[in-house]
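The values are calculated or read from the model by the stated rules, or taken from the named source; none is laboratory data. None of these values were measured; they are calculated from a predicted model. Counting neighbours? That spans all protein chains shown, and the Cβs are built from the backbone with ideal geometry, glycine included. These area figures cover heavy atoms from the full protein model, side chains too; ligands, DNA and RNA do not enter into them. Shrake-Rupley method; radii C 1.70, N 1.55, O 1.52, S 1.80 Å.
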Amino acid sequence: MTASYFVIGASHRSCSGAIRDRLTTEEAEVPAMLERLSAAGIAQAMWLSTCDRVEVQAVHERPNEAALTIAGIMAERVGLTETDLAGQLYTLTGAAAVRHVFAVACSLDSQIIGEPHILGQVKAAHRHAAAAGLSGPELEVLLQAAYGAAKRVRRETPIAEGATSLVAAAVQVARDLHGDLRRCTGLLMGLGDMGALVLEGLREAGLGRLIVAAPVDRRAEAAARRMDSHFAPWADLDSALTSADIVVTAAGLGRYILSAPQLGAALKRRRRRPVFVVDAAIPADVDPDVAGLDEAFVYDLADLERVALQGRVGREAATQAAWTIVDEALAAFARHRAERAAVPAVAALRTHFETERRRLLDEQRGLDAASATRLLVNRLLHGPSEALRAMAADPDGAGMAERAAAERLLFRLFRLDESGGAGLGAGPGAGLGAGSDLDKDERREPGREVQ
């Protein structure tokens, strides 16, 4: 049975933020999840967990059955029944799954198109799969093709410049408001990739201190360790807000996590020292009323885009150019798979020809080259000619259509139309029937019984 590609998971498009947070897998937990997949009979799989998605990209002979198995593992992870979780998941198979894998690697399926972290996250998931022995040949060739497409997208389009320019705009506004960032404290609320990207840019610009908080404390604590920063429990958010000169929200839970009363109280404790707020989430994390507070300067991604002079038309053009590259890469990948699929048949044909050649030489020793080659041709064509005659003799007429199709395939495979149909007549239908020259040669061949 032929193995097929499939993807199952939950993303910002399919799943609520609360469920996605529960599904999110820290890097240290990934090997255990891969072990679960292996124990369930999934031999080629990668567990990818980012702020936007938690999904398994895999290969299996029965992809739909395998996807159901993985859905059960995911449901168990979040303490839900498979039925309850089913509406939060997407499943893609075949060409749709391949296209999705390419889109994810190229950052075309992210909340922020062109977000640069995703390719590194895919490669990290790939390394975990390889270490667990789950990166087989089919998965490997798919991922390498996706990496090639991502490299072209980065090299040939300005798509990554959009996300980078948003970060530069955030740094610019922060400096305009606070001056020297070394005296400032930043607070990251939520663990979305764009929020982390903004904070990374602020730290490179000299941000003095960073606090990380998220609705799930264990994730925030792990992220704080990775980012070499301070951790604040979500229950202590008010205290963290009081010390924060720059607040970046990146949870995307579908509800506001920063309210006007909450920040207003923090501003009073700060004695009205201004706060720069970046809402880096989709959907928004910040209550619109926050923008009405004195000393609160709120920017969402569209505001930063305007600061960066990054017009939407230019972004859409870059995105379209990136999809064109992906479509070209997908077509090349499909051709490559088709060519690989043909290899066993070609190898079997070559083996058959070589076996007949050696058998003839063993049976007919001492023949001159002309006789030997004539007899070899007869032997190789005997089976196909018999099959074509049997098709033509089918009394219900169905064999005639089958024979016509077979002859068309022969003319295509051996390019007989280009050679004037040598050995088979002038075209389909003129060839291997009873009474042909081949039929006579078969009867003349010594040592071979003609059926």
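The table below lists the values:
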| quantity | calculated |
| --- | --- |
| Search result, residues across the range 203-237 that are within 16 Å of Asp285 (Cβ to Cβ) and open to solvent by 30 Å² or more (accessible area, probe 1.4 Å) | Pro215, Val216, Trp234 |
| Selection status of Ala390, more than 49 Å from the chain's Cα centre (by Cα) and open to solvent by 40 Å² or more (accessible area, probe 1.4 Å) | no |
| Residue count for the range 191-202, restricted to those that are open to solvent by 20 Å² or more (accessible area, probe 1.4 Å) and not in a helix (DSSP H, G or I) | 1 |
| Selection from the range 260-279 of residues that are within 18 Å of Tyr299 (Cα to Cα), open to solvent by 40 Å² or more (accessible area, probe 1.4 Å) and not in a helix (DSSP H, G or I) | Arg273 |
| Which numbered condition Ser243 misses (of (1) touching a Gly at 6+ places or on another chain (Cβ under 9 Å); (2) open to solvent by 10 Å² or more (accessible area, probe 1.4 Å)) | (1) |
| Unique residue being open to solvent by 20 Å² or more (accessible area, probe 1.4 Å) and within 21 Å of Leu23 (Cβ to Cβ) when the list is Leu253, Leu293 | Leu253 |
| Total residues in the range 38-72, condition open to solvent by 50 Å² or more (accessible area, probe 1.4 Å), within 19 Å of the chain's Cα centre (by Cα) and of a type outside the set (D, E, K, R) | 2 |
| Failed item, numbered, when Leu139 is tested on (1) open to solvent by 20 Å² or more (accessible area, probe 1.4 Å); (2) in contact (Cβ under 8 Å) with a residue 24 or more places away in the chain; (3) aliphatic (A, V, I, L, M) | (1) |
| Cross-chain or 6+ apart pairs with Cβ under 9 Å, the range 102-120 first and free of Cβ contacts under 8 Å to residues at least 60 places away in the same chain and more than 11 Å from Ala146 (Cβ to Cβ), then small (Gly, Ala, Ser) and open to solvent by 10 Å² or more (accessible area, probe 1.4 Å) | Ser107/Ala160 |
| Complete set of residues in the range 155-190 that are in contact with a Pro (Cβ under 8 Å, 6 or more places away or on another chain) and either open to solvent by 20 Å² or more (accessible area, probe 1.4 Å) or without any contact (Cβ under 8 Å) to a residue 24 or more places away in the chain (or both) | Ala160, Thr164, Leu177, His178 |
| Among (1) surrounded by 15 or more Cβ atoms within 10 Å (Cβ to Cβ); (2) in a helix (DSSP H, G or I) - the single one Leu367 does not satisfy | (2) |
| Criterion violated by Ile282 - all others in (1) open to solvent by less than 40 Å² (accessible area, probe 1.4 Å); (2) within 20 Å of Leu199 (Cα to Cα); (3) out of contact with any strand residue (DSSP E or B) (no Cβ under 6 Å at 6 or more places or on another chain); (4) of a type in the set (A, V, I, L, M) satisfied | (1) |
| Checking Ala129 against (1) over 30 Å from Asp236 (Cβ atoms); (2) out of contact with any Leu (no Cβ under 8 Å at 6 or more places or on another chain); (3) aliphatic (A, V, I, L, M), the condition it does not meet | (2) |
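This table checks each residue for (1) aromatic (Phe, Trp, Tyr); (2) modelled with pLDDT under 90; (3) under 23 Å from Met33 (Cα atoms); (4) in contact with a strand residue (DSSP E or B) (Cβ under 8 Å, 6 or more places away or on another chain).
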| position | (1), (2), (3), (4) |
| --- | --- |
| His100 | no, no, yes, yes |
| Ala125 | no, no, yes, yes |
| Ala130 | no, no, yes, no |
| Ala174 | no, no, no, yes |
| Asp180 | no, no, no, no |
